[in-house]
Amino acid sequence: MASLNHQPTQSCHVVAMPYPGRGLVNPMLSLCTAVAERSSDMLITVVLTEEWLGLLAAVKKPPNMSYAAIPNVVPSEKVRGDDLQAFFVAVQTKMEAPFVRLLDGGELPPPDFIIGDAFLPWVHEFAGRRNIPSAHLWTMSASMYTVFYHIDLLVQNGHYPVDFSVNGEAVVDYIPGLSSVRVADLPLTDQESIQKFTQILPNDSNAKHLIFTSFYELEAQVFDAFKKKSSISIYNIGPATAYSKLKAIKMNPTTTAVADYYSRWLDLQPPSSVLYISLGSFLHISVAQMDEIAAGLQSSGVRFLWVARREASRLQETSGDKGLVVEWCDQFRVLCHPSVGGFLSHCGWNSTKEAVLAGVPMLTFPIIMDQLHGAKMIVEDWRIGWRVLEREYDEKNLKKRDEICEIMKKFMDLENGERKEVSRNVRELQEICEREFEDGQSHQTNLDRFVESIKSCC
């Protein structure tokens, strides 16, 4: 085990433990960066696996924020999508012991406060045993939290467990703060996962603080409903890192983070002409479905930038010469590029927030869990996108190339009336969400409340 950049002079020590996956590490780092920048007399130590420590070595951080490492006791980020269940089990059974050894080993000052991902119950159990105040970080939407929180209502109304062939089209309109939704748009198929999620929800016995990473205006009804009934202190602290990057891009839009070829290619494309495609950092769709997307792209003639961690070279050959297939990119900078006019997404929560903040309309291709309801909110609640899939992705029921071709052509036709509507809606929503970061607005007030809560424990 190793600790880096230890600064023992700080008066208050916060330890943060993210879930070891890209979509969950990034929001934890964003939160910790915001807290560190807001309070220079606080030391924040983020605990990572050795692999993640290497991945983040070049990422800038505030001087009062440091990293500490535990061994790689879980499958690598590169292959964790191959067996999600094994990865989940490893996270829940193998990480606690080295985490405890690190905190007990004397390399770090004793923590005054612990921030743990909500899906790491052992972090909060440890905090409870040591009488250390802790906060849960919830990295999905607040709407998804309220679905799990009110699972008993779904049971009472006969909507869980669910048989989609019988009641998939039934309407759920009784969950506090949640707009009406089809049963088919809720992540209710994997009963084992649902049971695990509901078991680790924060309660008075293991945490007094719950942090969301949303925009208030996206989910105002949910937040207002929680304020009326929850005995836990709730904070909504939005994606501050993305907003900081957005400000920097607006100040100097021609400067790229690195001299990468895909940015140079984007510079040569007409405004709003490129469809950006990314279906997540670790979940995999079948090779057959990838081939259908590639064939649809080629037939559509749409310009594209496609991030595919696997088979990038083969997909480049089969998807035509109107775009690029890359293994990685700086997603938010790409979304903010003026040549990007659409985003084909799996509707993960980080990607959804980034698309809204960049003002880019979306095509929805949900694969699993919260992405189903994310797609519903994008299409029906906020009206900033169109569906590609009507339901959760199923490798046995492929979305065919002809359908993909037609929807891509129509979506990227900037003169199409329906397309103009979603473009207008997402620009309006972008402006609303940007205002939340202004002085005295919800992001700042929630951040200040949380910082004061931490300091009261030191």
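Read-outs: derived from the displayed coordinates by stated rules, not from any lab. Note that the structure is predicted; figures quoted are calculated from it, not measured. Please note: Cβ atoms are built from the backbone with ideal geometry, for glycine as well, and neighbour counts cover all protein chains shown.
Summarising the strand pairing of the chain, around 10 percent of its internal DSSP beta bridges are antiparallel.
Kirkwood hydrodynamic radius (Cα pairs, Å) of the chain? Intermediate values should be presented prior to the final figure.
On the way: mean 1/r = 0.0437 Å⁻¹.
Its Kirkwood hydrodynamic radius stands at 22.9 Å.
Region 323-351 and region 79-145 have Cα centres spaced 30 Å apart. For region 378-452, the set of trypsin sites (Lys or Arg not before Pro) satisfying both a DSSP loop assignment and a count of at most 10 other C-beta atoms within 10 Å is given as 396. Mean projected area of the convex hull spanned by the Cα atoms of region 318-401, taken over all viewing directions: 6.2 nm². By the Cβ distance rule of under 4.7 Å, the chain has these cysteines without a partner: 32, 329, 336, 347, 405, 433, 457.
Positive-end ranking of 72, 166, 89 along the dipole of region 72-178, with charges on Cβ about the Cα centre, is headed by 72. Using the Cβ of residue 182 as centre and a radius below 9 Å, the other residues enclosed give a net charge of -1, where K and R count +1 and D and E count -1.
Computed from Cα atoms alone, the Kirkwood hydrodynamic radius reported for region 353-458 is 16.1 Å. Net charge in the neighbourhood of residue 53 (other residues with Cβ under 13 Å of its Cβ; Lys, Arg +1, Asp, Glu -1) is -2. Note on the chain: dipole from Cβ charges, positive end direction compared against 388, 17, 232; the farthest Cα belongs to 17.
Distance check, please: which entries in 61/250; 250/353; 247/409 exceed 26 angstrom between their Cα atoms?
Exceeds cut-off: 247/409.
Average projection, convex hull of the Cα set of region 403-458: 6.4 square nanometres.
Near residue 22, once Lys and Arg are set to +1 and Asp and Glu to -1 for all other residues with Cβ below 14 Å from its Cβ, the sum equals -3. You can think of it this way: the chain between residue 313 and residue 165 has 49.4 nm of extra reach, that is 0.36 nm per residue less the Cα-Cα gap. Expressed as a fraction of 2.2 N^0.38 Å, the value expected for a compact globular protein of N residues, the C-alpha radius of gyration of region 90-160 is 1.44.
Here's how it looks for residue 70: its modeled amide H is under 5 Å from those of 48, 49, 50, which are all 5 or more places away or on a different chain. The charge dipole of the chain, taken about its Cα centre with unit charges on the Cβ of Lys, Arg, Asp and Glu (plus for the first two, minus for the last two), comes to roughly 620 debye. In a reduced charge model with +1 at each Lys and Arg Cβ and -1 at each Asp and Glu Cβ, region 393-446 shows a dipole moment near 360 debye about its Cα centre. A dipole drawn for the chain from +1 and -1 charges on Cβ atoms has a positive end, and of 295, 417, 261 the residue lying farthest that way is 261. Annotation: region 275-414 has a Kirkwood hydrodynamic radius of 14.7 angstrom, from the mean reciprocal C-alpha pair distance. Backbone amide hydrogens, once placed in the peptide plane, bring residue 306 within less than 5 Å of 277, 324, 325, 326, excluding anything fewer than 5 places away on its chain.
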